[in-house]
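Report on the following structure.
The values are calculated or read from the model by the stated rules, or taken from the named source; none is laboratory data. Everything numeric in this text was worked out from a predicted model, so none of it was measured. Cβ coordinates were reconstructed from backbone atoms using ideal geometry, including for glycine residues, and neighbour counts include every protein chain displayed.
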Amino acid sequence: MRDLVADAQARFDALANYQVRLISTSAGAEPVEVLYAYRKPGFVRMDFIRPHAGATLVYSPASRKVMLWPFGFDTFPRLVLSPDSRMIRSPQGHRVDQSDIGTLLVNVQALQQHGDTQVAGTDIVGTCQASHVIVTCGPGHVMTHVSRYELWFDTSEGLPVKVVSESASREPIETVLMEDLRIDVPASQLRPFA
C-alpha cells in the first residue's frame, strides 16, 4: 500500500513555498479564516480574514519572533512577540512557528508509528479530487491530544487539502480546509515576510 503521508512529506520537502486560504473550525470557537503563506526555511505570514479582519502575523525563523500588525501589514502599531505568546496561540494551542504543512505531517507520521493507517477512497474536496486517509493511534499513544487524523490529499499536488483531528473519545478537535493552494509561487507574487 502506498504511504500517502510519506508522499506528502516528500512533496513538502521539495517545495520552496506555498500559499493557501485556511478555514479552521472547532467546537465552541468562532471559525478562523486566514490567507496563509509559508516560505522555507520557516517564514510564515498570516493575513486574517475573520476574526480580526486585517490583522497580519509574520514569523521569522532568523529572529524567532512574530511581528503582529493588528490593523494590517506595515501599519502602526507593530507588536513583537514570542511564538509561544498566549496572545497569538490558537484555541487548540497551535503556534505560528509550528503551523505549516510540514509540522502537521510530522505529527501525523508520529501517530502512524503507533497506530493504523487506512486509505478510505477518494472524495471531492472543494474543487480537488482527493485521496482520503485515516490515521488512528493505538491505545495509550495519543500525540498532542490527537488520537485520530482524517486527511484528504489533493491527487495532483499530493498535499493535504482537508484535515480533521479527533481526541481519544472521537470528539472532533479541529477541521481545517485548505483552499486555493498554490505551490512554488513566484517571488513577485508572494506576499512579503518582512
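Overview of values
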item	result
Test result for PRO83, at negative phi, part of a loop (DSSP other than H, G, I, E, B), modelled with pLDDT of 95 or more and surrounded by fewer than 14 Cβ atoms within 10 Å (Cβ to Cβ)	no
Residue count, the range 50-80 (criterion: surrounded by 13 or more Cβ atoms within 10 Å (Cβ to Cβ), out of contact with any strand residue (DSSP E or B) (no Cβ under 6 Å at 6 or more places or on another chain) and of a type outside the set (Gly, Ala, Ser))	4
Condition met for HIS94 (over 22 Å from ILE23 (Cα atoms), modelled with pLDDT under 95 and either part of a loop (DSSP other than H, G, I, E, B) or among the charged types (D, E, K, R) (or both))	no
Candidate set: the range 133-190, residues that are β-branched (Val, Ile, Thr) and farther than 16 Å from VAL119 by Cα; chosen: the one nearest to the chain's Cα centre (by Cα)	VAL176
Those residues of the range 114-163 which are touching a residue at least 60 places away in the same chain (Cβ under 8 Å) and within 24 Å of GLU179 (Cβ to Cβ), in sequence order	VAL119, SER131, VAL133, VAL135, LEU151, PHE153, GLU157, GLY158, LEU159, PRO160
Filter result (at pLDDT 95 or above and surrounded by 19 or more Cβ atoms within 10 Å (Cβ to Cβ)) within the range 132-147	VAL133, VAL135
Residues of the range 143-175 satisfying the condition of being of a type in the set (A, V, I, L, M) and touching a Leu at 6+ places or on another chain (Cβ under 6 Å)	MET143, VAL163
Among the residues listed as ARG78, ARG39, ARG45, the single one being under 19 Å from PRO192 (Cβ atoms) and in contact with a Lys or Arg (Cβ under 6 Å, 6 or more places away or on another chain)	ARG45
Near pairs, Cβ below 8 angstrom, 6+ apart or cross-chain, from the range 167-183 (under 16 Å from ASP154 (Cα atoms)) to any residue that is assigned to a loop (DSSP other than H, G, I, E, B) and aliphatic (A, V, I, L, M)	MET178/LEU159; LEU181/LEU159; ILE183/LEU15; ILE183/LEU159
Flag if ALA37 is out of contact with any Pro (no Cβ under 8 Å at 6 or more places or on another chain) and either within 25 Å of VAL185 (Cα to Cα) or exposed (fewer than 13 other Cβ atoms within 10 Å of the Cβ) (or both)	yes
